[in-house]
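Encoded as structure tokens, the structure appears first; notes follow it.
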Amino acid sequence: MRHGDLLAQTDWSAVEHAYAGDPDVPSSPEILAALLDEDAGRQGRALLDLNDVVHHQGGIYSATAPAAHFVAAVLDDPRTLTLVSPRRGRRGAMVPLRVALLDWLASVMQHITEPDERRRGFPYDVAACRAVRPSVYRTACAMRTDPDPAVASQALGTLLACLLDAPELAHHLAEAAAWSRGGRALAGLDKQSRVMAVMSLQSWGYDTTPAMETDPDPVVRAAAALSPANAGSIQGTRALLDVLSAPSAAVWCTRDYPHFGPIFMSNFLPAAIDRATLDELVPVLDVFLAGAPPIMYLGSWGTRLRRKAFPGGFPPVEPLDTAQRTLLNVISARCFSPDSPRIWSGGDARMALRDIVPEGAVFGIDATARSAGLATP
């Protein structure tokens, strides 16, 4: 089928992208047609519009599903071999448009699995994208053996994205995990895509040890360490502790990954608390909490940490050991100092820690929280 005929299958007047009605923004069919333009500059501009207009900031619009259907159908067109700037990656690097389009499809497939409270899109638009998921999977699967390593690698990342929260494709999980086996299989993906791929594999229960052992990025290694196969691994525990004490940790702990959310406070920190000894945890928490943004205080890790440090309750029957005493000083300095963010609600992790810190710590509880009965007695 000719690509013009493929575009004609959709009533584009009935669907909208993020800037519907703006005369200065091209329509969805104009953007899609320009992807196959003979001019490389127009193709690059169309790719930007595909990301910024049809899938703006991860949003799902009524035009996103038919656009995904079109993109999947034209990926084998020779014009998608034009070199363009990717959505992410090294500045100045160029990749075949085919790789960038596979990356775009992966992003759409990931964002349709977001929980309702985080997803940006109406349910029927999300459902329309989910209906396209099997065809996207088949297209990505066919390109997994492409002679261009960049295409093959991104195709693997895209097909893994298709399998997230997709019961209709669950029978492909084992084969996809087998294709991903070995750290080199995912090496061609950018950092965020590798994190997503590894998080997906480990959440399905597959061993991600090769990525933990070989990936050059500490965030990817920590994601791989979450695999149940690495629960008792010294190297896995070290990978979690290393990423929490890395200088860049404060930047990454606020980042929400599609489907998985904020993996630092929801996955890395709880796993490190569960697996590491208190002696190992204390210096890492001292570094991590010193630079962590306010959002880091949300969640249940405070309860985990309290149980880890004082399994018999507080105050302990036995005298405090060195690690316990040092932990209390770290909590006091990092969580309850005058410079610490205020406690806004009972969902703050520090609520589980406030009565174990040394007397005289500054709690900084907001007046609203105090009126709700959250202040220390």
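The table below gives the values:
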read-out: Over the range 134-177, relative contact order from alpha-carbon pairs under 8 Å, at least 6 apart, %; value: 34
read-out: Accessible area, probe 1.4 Å, largest first, for residues LEU328, LEU320; value: LEU320, LEU328
read-out: DSSP-assigned coil residues among chymotrypsin sites (Phe, Trp or Tyr not before Pro) in the range 262-319, each with at most 11 further Cβ atoms within 10 Å; value: none
read-out: Difference of contour (0.36 nm per residue) and Cα-Cα distance, ARG342 to MET94; value: 84.8 nm
read-out: Carbon/sulfur fraction of accessible area - the chain, other protein chains in place, 1.4 Å, %; value: 53
read-out: Under DSSP loop assignment and at most 12 Cβ neighbours within 10 Å, longest GluC sites (Glu not before Pro)-free interval of the chain; value: 118-358
read-out: Euclidean distance of C-alpha centroids, the range 266-325 and the range 141-172, integer Å; value: 38
read-out: In range of the label at THR145: residues from the range 183-201 whose backbone nitrogen is under 18 Å from the point 7 Å along Cα→Cβ; value: 185
read-out: Accessible area per residue, Å², the chain with all protein chains present, probe 1.4 Å; value: 45
read-out: Estimated dipole of the range 85-191 in Debye, rounded to 20 [Cβ of Lys and Arg +1, of Asp and Glu -1, Cα centre]; value: 400
read-out: Local electrostatic count, ASP125, Cβ distance below 12 Å [Lys/Arg +1, Asp/Glu -1]; value: +2
read-out: Relative contact order computed over the chain (Cα-Cα under 8 Å; 6+ residues apart), in percent; value: 9
read-out: Kyte-Doolittle at least -0.5, axis length at least 24 Å by Cα - qualifying DSSP helices, the chain; value: 123-142
read-out: Over the range 196-311, equivalent-ellipsoid semi-axes from the Cα gyration tensor in Å; value: 20, 16, 13
read-out: Contact order relative to length of the range 49-194, as percent, for alpha carbon pairs under 8 angstrom and 6 or more apart; value: 23
read-out: Kirkwood-based Rg to Rh ratio, the range 27-142, C-alpha trace; value: 0.95
read-out: For the chain, fraction of C-alpha pairs farther apart than 41 Å, in %; value: 24
read-out: Neighbour net charge for ARG98 - beta-carbon separation under 9 angstrom, K R +1, D E -1; value: -4
read-out: Dimensionless Rg/Rh of the range 1-87 - Kirkwood Rh, Rg from C-alpha atoms; value: 0.93
read-out: Those chymotrypsin sites (Phe, Trp or Tyr not before Pro) in the range 43-106 that DSSP places in a loop and that have at most 16 other beta carbons within 10 Å; value: none
read-out: Packing rank of 133-139, 332-338, where each peptide gets the mean count of other beta carbons within 10 Å, highest leading; value: 133-139, 332-338
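The values are calculated or read from the model by the stated rules, or taken from the named source; none is laboratory data. The structure displayed is predicted, hence computed values, not measured ones. As a convention, Cβ positions derive from the backbone with ideal geometry for all residues, glycine included, and neighbour counts pool all protein chains shown. Note: accessible area is taken over every heavy atom of the protein model, side chains too, but ligands, DNA and RNA are not part of it. Shrake-Rupley method; radii C 1.70, N 1.55, O 1.52, S 1.80 Å.
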